[in-house]
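The block underneath contains the structure these notes are about, expressed in structure tokens.
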Amino acid sequence: MAMQGRVHYYENGQVEAMKKPIHCFKELGCELIILTNAAGSLDTNAGPGSVMVINDYINFTGVSPLFSETGNERFVNMVNAYDKGLRHKIHSIAEDNNIHLSKGVYAWMCGPQFETPAEINALRVLGVNAAGMSTVPETIIARQQEMKVLALSVITNYAAGMDDGELSHEQTMKYANKAASNFKVILTEFIQNYS
């Protein structure tokens with residue numbers, strides 16, 4: 001099953017908006033969810049047009065899609081939130097196809113404005129490799145549903161203050177298209193070989 005797009009927290013302030021689709025996937029028997037996003041890179045070795053596998057995240061929004069939950073199910077273990085075995089498979093596919101694939105920590109920022117250079121400097125000190133406005137709520141919900149999670153970021157820009165370019169949504173779209181061919185190879189082979 002595939003979804004085109006998602007609800008972002010910045011659209012309406014409803015952090016739990018992705019519960020219904022992910023719960024629906026689980027009810028239909030999905031055991032694995034692959035999350036994708038566009039992100040800004042804090043790593044000069046992972047420039048615009050490249051792809052990064054997320055190996056962990058930091059939630060800088062201060063919110064959770066589980067706020068309204070009751071019972072012990074709301075206390076979700078987030079260690080290895082992004083399945084280590086699935087990440088290894090993705091790296092093997094990229095290597096076999098001579099595709100540069102970075103890995104790192106993703107920071108969830110609420111948006112919709114881009115981050116400031118001061119925020120990016122703070123994120124870098126904390127070990128963040130890419131920043132974006134999604135993915136973490138879906139990860140939390142999927143892990144609560146005991147689904148395996150794999151997440152990939154298409155790097156669409158360097159983060160604020162890292163170059164002289166002006167950040168814009170148009171730039172995001174331009175570099176997302178540039179990464180499309182490699183992204184398609186990685187994702188298609190993963191889906192074909194997943195078992």
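Every read-out reported here was derived from the displayed coordinates using simple, explicitly stated rules and does not represent laboratory data. Every value quoted in this text rests on a predicted model; they were computed, and no experiment measured them. Quick reminder, even Gly has a Cβ in these numbers, built from the backbone with ideal geometry, and neighbours come from all protein chains shown.
Arrange the following residues from fewest to most other Cβ atoms within 10 Å of their Cβ: Thr188, Thr36, Thr139, Thr61.
Thr188, Thr61, Thr36, Thr139
Just going by the charge dipole of region 24-193, with Lys and Arg at +1 and Asp and Glu at -1 on Cβ, which of Cys110, Cys24, Gly49 is farthest out on the positive end?
It is Cys24, whose Cα lies furthest towards the positive end.
So how far apart, in nm, are the two label points at Val79 and Asn45 if each is 7 Å from Cα heading toward Cβ?
Placing both labels 7 Å along Cα→Cβ, they lie 2.7 nm apart.
I'd like the Karplus ³J(HN,Hα) series for region 115-125: coefficients 6.51, -1.76, 1.60, θ = phi - 60°, whole numbers in Hz, and an x wherever there's a Gly or Pro.
Once θ is set to phi - 60°, the couplings for region 115-125 become 5, 8, x, 5, 5, 5, 4, 5, 4, 4, 4 Hz.
For region 58-113 and region 1-47, what is the separation of their Cα centres, given in Å?
Rounded to whole Å, the Cα centres lie 10 Å apart.
Of all beta bridges DSSP finds with both residues in region 24-193, what is the antiparallel percent, to the nearest 5?
Counting only bridges with both partners in region 24-193, antiparallel ones make up about 20 percent.
Among Asn98, Asn182, Asn55, which one moves the most in a GNM of the chain with springs linking Cα atoms closer than 10 Å?
Among Asn98, Asn182, Asn55, the largest GNM mean-square fluctuation belongs to Asn98.
Sort Arg74, Arg124 so that the residue with the fewest other Cβ atoms within 10 Å of its own Cβ comes first and the one with the most comes last.
Placing the least packed residue first, the sequence is Arg74, Arg124.
Calculate one ³J(HN,Hα) per residue across region 54-59 by plugging θ = phi - 60° into the Karplus curve 6.51 cos²θ - 1.76 cosθ + 1.60, and present them in order as whole Hz with x for glycine and proline.
7, 10, 5, 9, 10, 8
Counting other beta carbons within 10 Å of each Cβ, put Ile54, Ile93 in order, fewest first.
Final ranking by Cβ density, sparse to dense: Ile93, Ile54.
Determine the relative contact order of region 1-133: mean sequence separation of Cα pairs under 8 Å and six or more apart, normalised by residue count, in whole percent.
35 percent
Just to be sure I follow the definition: excluding the sites themselves, where is the longest run in the chain that has none of the GluC sites (Glu not before Pro) in a DSSP loop with at most 12 other Cβ atoms within 10 Å?
Maximal segment without exposed cleavage sites: 32-145.
Mind listing which chymotrypsin sites (Phe, Trp or Tyr not before Pro) in region 63-149 are in a DSSP loop and have 14 or fewer other Cβ atoms within 10 Å?
For chymotrypsin sites (Phe, Trp or Tyr not before Pro) across region 63-149 that sit outside H, G, I, E and B with at most 14 neighbouring Cβ atoms in 10 Å, the list reads Phe67, Phe75.
Eight or more residues apart or on different chains, and alpha-carbon atoms under 23 Å: count the Lys pairs in region 24-193 matching that.
Lysine pairs satisfying the spacing and distance rule in region 24-193 number 15.
To the nearest 20 Debye, how big is the dipole of the chain about its Cα centre, given +1 on the beta carbon of each Lys and Arg and -1 on that of each Asp and Glu?
My answer is approximately 340 debye.
Using 0.36 nm per residue, how much length does the chain from Ser181 to Ile99 gain when fully extended, once their Cα-Cα distance is taken away?
Residue separation times 0.36 nm, minus the Cα-Cα distance, leaves 28.5 nm.
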